[in-house]
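Working notes, beginning with the structure itself.
The values are calculated or read from the model by the stated rules, or taken from the named source; none is laboratory data. On a predicted model such as this, the values are computed, not experimentally measured, just so you know. Backbone-built Cβ (ideal geometry, glycine too); neighbour counts: all protein chains shown.
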Amino acid sequence: MSENIIYCYSGAGHCLDMAKTIAKGLGDTDIVMMRSFPAKTDATEAKRVGFIFSCMAGGLPGDVESYVKAIQIAPGTYTFAVEQYAGYLGCGLRKIDEIVPLNYWAGVSNHSTAIWLMPHTLTLAPKSLDKAQQRVDKKAAKLVTDVLAGKRSERRPSKAKPFELMSKGLGQSHARRVGKFAADDTCNGCGLCASLCPRGNIRIEGGKPVFGSNCMGCLSCVQLCPEAALNIGNITKKRARIPDKNVSAAELMEKIIHIE
Ligand SMILES: Cc1cc2nc3c(=O)[nH]c(=O)nc-3n(C[C@H](O)[C@H](O)[C@H](O)COP(=O)(O)O)c2cc1C
């Protein structure tokens with residue numbers, strides 16, 4: 001059993017990159033992925049349990065809320081969480097805190113990674129990728145120091161009520177967009193999108209991806225397609241893909257990544 005467990009949700013790899021950086025700082029850490037049901041829910045022997053995830057539509061991504069409810073943590077375990085966001089923190093940290101009371105939490109803006117997909121104007125202006133990476137790495141280093149010192153946050157994360165309502169509308173907004181996913185002529189049928197999809201919502205037929213109706217909006221398929229051949233209607237056609245450069249598609253598909 002590893003000394004630390006970090007439960008991680010990541011769509012384009014940015015949260016997984018941060019989880020790896022933090023795990024290296026803490027040492028002896030299992031990163032358990034939460035893109036689908038976590039392969040390990042018994043965290044009772046870990047000394048520290050963390051959560052790293054992205055803000056999605058103001059709330060928790062995918063099925064993270066139900067996954068966190070399934071995790072067992074022993075009383076007295078040190079708990080921490082980090083949320084990445086593009087423009088606002090939303091209610092995700094509070095949702096985790098209501099299930100697993102957090103000793104320590106932090107948010108970090110990584111808005112260069114998602115500005116291209118935001119359907120509204122609430123996000124901040126994009127930073128350069130290098131600056132965004134530096135900020136995330138700096139935050140990760142501080143978090144490692146604080147977590148190893150057993151630091152405690154003075155208050156709980158904000159309830160952020162308006163964002164709770166917004167996140168509830170996520171299912172509807174994705175239902176509307178699902179019909180718009182399509183591959184263009186540059187698609188070579190490599191099938192990476194189908195392998196990456198945490199919900200098995202993409203199948204390859206006649207050498208092209210076919211999208212089902214069970215999309216949770218992680219956008220791994222759009223972001224990591226080697227040919228940038230996948231689009232959501234016209235909105236993504238002229239926008240850059242920004243998968244995390246330190247995370248491979250193979251890593252995103254892992255269930256557990258152990259870092260010594
Ligand atoms: C579908 C989708 C919805 C998002 N919604 C929000 C949001 O409501 N507020 C926000 O600040 N960031 C939002 N983001 C931005 C992500 O939280 C941010 O880019 C994060 O760094 C992505 O990390 P990942 O690559 O590990 O998934 C959204 C990203 C996606 C893909």
(request) Only residues in segment 87-103 that are closer than 13 Å to Lys161 by Cβ and within 16 Å of the ligand (Cβ to nearest atom) count as the first member; pair them with residues that are in a loop (DSSP other than H, G, I, E, B) and not basic (Lys, Arg), Cβ under 6 angstrom, at least 6 apart or cross-chain, and list the lot. (result) Gly90/Cys55; Gly90/Gly58; Gly90/Ala160; Cys91/Ala160; Arg94/Pro157; Lys95/Leu60
(message) Yes or no: segment 47-56 includes at least one residue that is modelled with pLDDT under 95 and more than 25 Å from Glu154 (Cβ to Cβ).
(response) yes
(request) Check Phe37 against each of (1) without any contact (Cβ under 8 Å) to a residue 40 or more places away in the chain; (2) in a strand (DSSP E or B) and name the one condition it does not meet. (result) (2)
(request) Give me a count of the residues in segment 215-241 that are at pLDDT 85 or above and of a type in the set (Val, Ile, Thr). (result) 2
(request) Output the residues belonging to segment 211-228 that are outside any helix (DSSP H, G or I) and touching a helix residue (DSSP H, G or I) at 6+ places or on another chain (Cβ under 9 Å). (result) Phe211, Gly212, Ser213, Asn214, Cys215, Met216, Gly217, Cys218, Leu219, Cys225, Pro226, Ala228
(request) Answer yes if at least one residue in segment 55-74 is β-branched (Val, Ile, Thr), part of a strand (DSSP E or B) and not assigned by TED's automatic domain parsing to the domain that holds Asn201, and no otherwise. (result) no
(request) Give the residues of segment 49-67 that are hydrophobic (A, V, I, L, M, F, W, C) and within 21 Å of Ile22 (Cα to Cα), sorted by residue number. (result) Val49, Phe51, Ile52, Phe53, Cys55, Leu60, Val64
(message) Anything in segment 237-251 that is touching a strand residue (DSSP E or B) at 6+ places or on another chain (Cβ under 8 Å) and buried (at least 17 other Cβ atoms within 10 Å of the Cβ)? List them, or say none.
(response) Glu251
(message) On the basis of being away from the ligand (no atom under 12 Å from the Cβ), assigned to a strand (DSSP E or B) and either surrounded by fewer than 20 Cβ atoms within 10 Å (Cβ to Cβ) or small (Gly, Ala, Ser) (or both), does Ala81 make the cut?
(response) yes
(message) Please determine whether any residue of segment 190-197 is within 14 Å of the ligand (Cβ to nearest atom), part of a helix (DSSP H, G or I), surrounded by 15 or more Cβ atoms within 10 Å (Cβ to Cβ) and not hydroxyl-bearing (Ser, Thr, Tyr).
(response) yes
